[in-house]
Amino acid sequence: MEKGSVSQNSAPRQGARDQCSPGSSRLRPGRASELPADVRRARVQQQREKRGREEAAKGAELPALEAAYLSILQGLGENPARQGLLLTPTRAARAMQFLTKGYQESTEDILNDAIFDEDHNEMVIVKDIDMFSLCEHHLVPFFGKVHIGYLPTKKVVGLSKLIGIYVKKVLVLVQERLTRQIALAITEALKPAGVAVIIEASHMCMVMRGVQKMNSKTVTSTMLGVLREDPKTREEFLTLIKN
Ligand SMILES: [Zn+2]
């Protein structure tokens, strides 16, 4: 499977398919395109104002983060006045703000206008979605792949937006909670009959400290609804993400 590619089950369920593929014209545009121009303009304005508020909040938090990184350098016995380190506290503080930007984005923001009413009730599978996060125990990255399957009832979500939830949501987390949060976000947004999320990730806090071998992965999963209750449906999902 190609990096970040989206797989769709062909067999064993008939009718399942890649929402992004040609021939998926049954997917109607979401609510946004049906809205009157003035409502759309008001939404854009609201989003602009929200971004402005977030930028202001980030600016206010920056000095505290810079001071923290300065003391980390001092704690490591470095000389923060050395040329190469002069701007490091600022750069590191900005990088940390970027890496944790998921805190400022709600699932609703990301999914806004991406949910479609669709009379489609076959399993939708999206696999090999790249994910990055920071483990909350060490503030060190863990990264890997997310595989998602859900059984829609009436609503499906644009795949790019679905992927966006996880790629954008770079948070300070533990993998188990991230897995569950993704499953709950999909449940909340789509009210599907069932959802399954699997994350396979390498944790740098283990790899770099030599506890774990380079290629070993931590695998976590959350299954909800029929994907939890019905062994056949769960088996189907597991088979499809393996292929
Ligand atoms: Zn860790």
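None of the figures in this text is laboratory data; all of them are computed from the coordinates on show. Everything numeric here is computed off the predicted structure, so don't read it as measured data. Counting neighbours? That spans all protein chains shown, and the Cβs are built from the backbone with ideal geometry, glycine included.
Within segment 128-152, work out how many residues are among the aliphatic types (A, V, I, L, M) and away from the ligand (no atom under 16 Å from the Cβ). If you could, list the steps in order and put the result at the bottom.
First, the residues of segment 128-152 that are among the aliphatic types (A, V, I, L, M): 129, 131, 134, 139-140, 146, 148, 151.
Narrowing further to those that are away from the ligand (no atom under 16 Å from the Cβ): 129, 146, 148, 151.
Qualifying residue count, segment 128-152: 4.
Out of curiosity, is D130 touching a residue at least 12 places away in the same chain (Cβ under 8 Å) and under 17 Å from P192 (Cα atoms)? Lay out the reasoning, then the answer.
Values: touching a residue at least 12 places away in the same chain (Cβ under 8 Å): yes; under 17 Å from P192 (Cα atoms): no.
No, not satisfied.
Can you tell me how many residues in segment 187-211 are among the β-branched types (V, I, T) and crowded, with 24+ Cβ neighbours inside 10 Å?
Of the residues in segment 187-211, the ones among the β-branched types (V, I, T) are 187, 195, 197-199, 207, 211.
Still in the running and crowded, with 24+ Cβ neighbours inside 10 Å: 195, 197, 199.
Within segment 187-211, residues that are among the β-branched types (V, I, T) and crowded, with 24+ Cβ neighbours inside 10 Å number 3.
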I'd like to verify a number: residues in segment 202-233 that are basic (K, R), away from the ligand (no atom under 16 Å from the Cβ) and under 22 Å from the mean Cα position of the chain (by Cα), how many? 1
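Run down I182, I199 and say which single residue is touching a helix residue (DSSP H, G or I) at 6+ places or on another chain (Cβ under 8 Å) and within 16 Å of the ligand (Cβ to nearest atom). Let's see the steps before the verdict.
Values: I182 fails: within 16 Å of the ligand (Cβ to nearest atom).
The unique qualifying residue is I199.
Scan segment 172-179 and tell me whether some residue there is away from the ligand (no atom under 16 Å from the Cβ) and polar (S, T, N, Q). I'd like the intermediate steps shown before the answer.
Within segment 172-179, the subset away from the ligand (no atom under 16 Å from the Cβ) is none.
Checked against the condition, which is being away from the ligand (no atom under 16 Å from the Cβ) and polar (S, T, N, Q), segment 172-179 yields no hits at all.
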